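The numbers here are math on the coordinates, done by the rules we state, and not lab data. Worth saying up front: this structure is predicted, and the values here are computed from it rather than measured. Ideal geometry is used to build each Cβ from the backbone, glycine not excepted, and the neighbour counts take in all protein chains shown.
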Amino acid sequence: MALAFLLLVPVLAALLILECPIDPSYMSFQEPPLMTGALEVNLKLRQAERLFEGELVGPESIVNIGDVLYTGTADGLILKIQDGKIHNLTRIGKPPCGTREDEPTCGRPLGIRVSPNGTLLVADAYYGLYEVNPDTGEVSLILSSETPIKGRKMGFVNDLTVTRDGRKIYFTDSSSKWQRRDFTLLVMEGKDDGRLLEYDTVTKEVKVLLDGLRFPNGVQLSPNEDYVLVAETTMARIRRCYTSGLTKGGADMFAENLPGFPDNIRPSSSGGYWIVMSAIRPNPGFSTIDFVAERPWIKKIVFKLLNQETVMKLVPKYSLVLELNEDGSYKRSFHDPHGMVVAHPSEAHEHDGHLYLGSFRSPFICKLNLKDI
Ligand SMILES: *[C@@H]1O[C@H](CO)[C@@H](O)[C@H](O)[C@H]1NC(C)=O
Ligand SMILES: *[C@@H]1O[C@H](CO)[C@@H](O)[C@H](O)[C@H]1NC(C)=O
């Protein structure tokens, strides 16, 4: 007894003295949806094929112009993939790249889209919004993250979506406080300082559409462009913000209590949406993230003792892609339990009967033939 007490004293003292990088707030979730029906566990995602393994790292978001693919990677590059070969198109930041310290200057291209005039629009986590010529690689600034929006600079520019006429770009700034390299801290703290923003390419004005979001991530305009969806990652939900009509400026929930924490949203050819989960909330099963949400003191202890990379490794690997109908209900889901083929997916881009799956950290792109499943 006495010995146990003697051993405990220094441990408790250390826990009191050690600094915690985050100040987690109390959050509580509903019980996650049962994985039945459209959410039934399957192995469909394992039918995907890995492409370019070891030739690129962290192709977060993918677009195509014809059969040419473009993606931004963890080493700050924007790549062009043509006839089975990868070409370095350009970069927004400056090398060196590859470490946490380098990331803010190296840059991190995240969301990528094709604008109606055929150029690439890129959201760089550190630098802001850019336009890139897909042939020459010429880069031009659209909006710097240094520009204060309502008195706050952008800390973590994440994803974007553009109207068919090219006039407006909707995009997310995931947090003012935390940068991309600290996304684990952003999620675990539950910080609610993310914003959905609207950039007008003619007036060059930026409007705040939604503020106080917890890790706003992927964004997607609806087929009629009457609303824009935004994944609120930390809250396991997708919000809808109306951009026209009587409800313009209003917002509601599009999908709540998802079976995981959503990353990017992209249109599906059925008129719905592909949503990729960055981590799941299994039911039946145990969701660690839900459990600690109601116990911020556990998060404090964990982050006093472990760094982000170590905590990331404790999150069970499970890859899940959902297809939602246009009303937000579940249409179908593709799973890869343990992430054996598809690992750490961030986006599902549909093109020519296939899903191209990006990842924020894996060294490959996955390609899934939708006809086979
Ligand atoms: C592309 O850029 C990377 C990183 O700078 C470099 O290692 C690689 O050799 C380049 N590839 C080509 C084909 O130039
Ligand atoms: C292309 O479209 C984007 C988005 O609408 C716009 O910002 C950009 O100025 C356009 N570029 C050219 C070269 O017209």
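Please give the contour-minus-distance gain from D135 to T247: 0.36 nm per residue of separation, less the Cα-Cα distance, rounded to one decimal in nm. All intermediate terms of the calculation are to be shown ahead of the outcome.
Values: separation 112, 0.36 × 112 = 40.32 nm, distance 4.02 nm.
In short, 36.3 nm is gained.
Greater than 21 Å separation of Cα atoms is the criterion. Which listed pairs, K85/K313; K248/K331; K94/K150; K177/K317; K44/K371, meet it? It would help to have the intermediate numbers written out before the result.
Details: K85/K313 32 Å; K248/K331 27 Å; K94/K150 29 Å; K177/K317 27 Å; K44/K371 12 Å.
As for pairs spanning more than 21 Å Cα to Cα, those are K85/K313; K248/K331; K94/K150; K177/K317.
For a quick check, take a GNM of the chain with Cα springs below 10 Å and name the residue from H354, H87, H344 with the largest mean-square fluctuation.
H87
Output the relative contact order of the chain, whole-number percent, from Cα pairs under 8 angstrom with separation of 6+ residues.
Numbers: 947 pairs, mean separation 70.8, N = 373.
About 19 percent, as a whole number.
Rank these for me by crowding, W297, W178, going from fewest to most other beta carbons within 10 Å. Can you show the working numbers first?
Details: W297 10, W178 22.
Ascending Cβ contact count within 10 Å gives the list W297, W178.
At 0.36 nm per residue, minus the direct Cα-Cα distance, what do E31 and D67 gain on full extension? Give it in nm, one decimal, please. Please list the in-between numbers first.
Numbers: separation 36, 0.36 × 36 = 12.96 nm, distance 4.24 nm.
Full-extension gain reported as 8.7 nm.
With +1 on each Lys and Arg Cβ and -1 on each Asp and Glu Cβ, how big is the dipole of segment 25-164 about its Cα centre, in debye rounded to the nearest 20?
Magnitude of the dipole: close to 320 debye.
Please list, or write none, the lysines whose alpha carbon is within less than 18 Å of the alpha carbon of K80, excluding same-chain residues fewer than 8 places away.
K367
Among Q179, Q308, Q220, whose mean-square fluctuation peaks in a Gaussian network model of the chain (Cα, cutoff 10 Å)?
Of Q179, Q308, Q220, the most mobile in the Gaussian network model is Q308.
Can you tell me the orientation of helix 2-17 relative to the chain, as the angle in degrees between its alpha-carbon axis and the longest Cα principal axis, to the nearest 10?
That works out to roughly 40 degrees.
Mind jotting down the three principal axis lengths of the chain based on Cα atoms? Whole angstrom, largest first.
Answer, in whole Å and largest first: 75, 49, 46 Å.
What is the fewest-to-most order of E146, E55 by other Cβ atoms lying within 10 Å of their Cβ?
On the way: E146 9, E55 13.
So the ranking, lowest neighbour count to highest, is E146, E55.
Net charge within 9 Å of E323 by Cβ-Cβ distance, Lys/Arg positive one each and Asp/Glu negative one each, not counting E323 itself? Write out the running numbers ahead of the final one.
Values: positive: K331, R332; negative: none.
Net of charged neighbours comes to +2.
Estimate the FRET efficiency between K331 and R167 by the formula 1/(1 + (r/R0)^6), using the beta-carbon distance for r and 35 Å for R0, to the nearest 0.05.
Working: r = 31 Å, r/R0 = 0.88.
Between K331 and R167 the formula returns 0.70.
Using 0.36 nm per residue of separation minus the Cα-Cα distance, give me the extension gain between A13 and E49 in nm, one decimal.
On the way: separation 36, 0.36 × 36 = 12.96 nm, distance 5.09 nm.
My answer for the length gained is 7.9 nm.
Please pull out the direction-averaged projected area of segment 98-204, using the convex hull of its alpha-carbon atoms, in nm² to one decimal place.
Details: hull surface 28.7 nm².
Its average projected convex-hull area is 7.2 nm².
Take the chain, connect every pair of alpha-carbon atoms lying under 10 Å apart with a spring to form a Gaussian network, then pick out the residue of V321, V11, V230 with the largest mean-square fluctuation.
Evaluated over the chain, the most mobile residue of the options is V11.
Under the definition of Cα pairs under 8 Å and six or more residues apart, what whole-number percent is the relative contact order of segment 30-82? Write out the running numbers ahead of the final one.
Numbers: 42 pairs, mean separation 11.0, N = 53.
21 percent.
Going by alpha carbons, how many degrees (0 to 90, nearest 10) lie between the helix axis of 296-305 and the longest principal axis of the chain?
On a 0 to 90 degree scale, this one is about 90.
Would you kindly calculate the mean projected area, averaged across all directions, of the convex hull enclosing the Cα atoms of segment 220-373, in square nanometres?
Values: hull surface 42.0 nm².
About 10.5 nm², averaged over all directions.
Counting only residues 5 or more places away or on other chains, whose amide H sits under 5 Å from the amide H of L209 once H atoms are built in the peptide plane?
Result for L209 returns L196, L197, E198.
With 10 angstrom as the radius, rank S270, S175 by how many other C-beta atoms surround their C-beta, starting from the fewest.
Working: S270 14, S175 26.
With the fewest neighbours first, S270, S175 line up as S270, S175.
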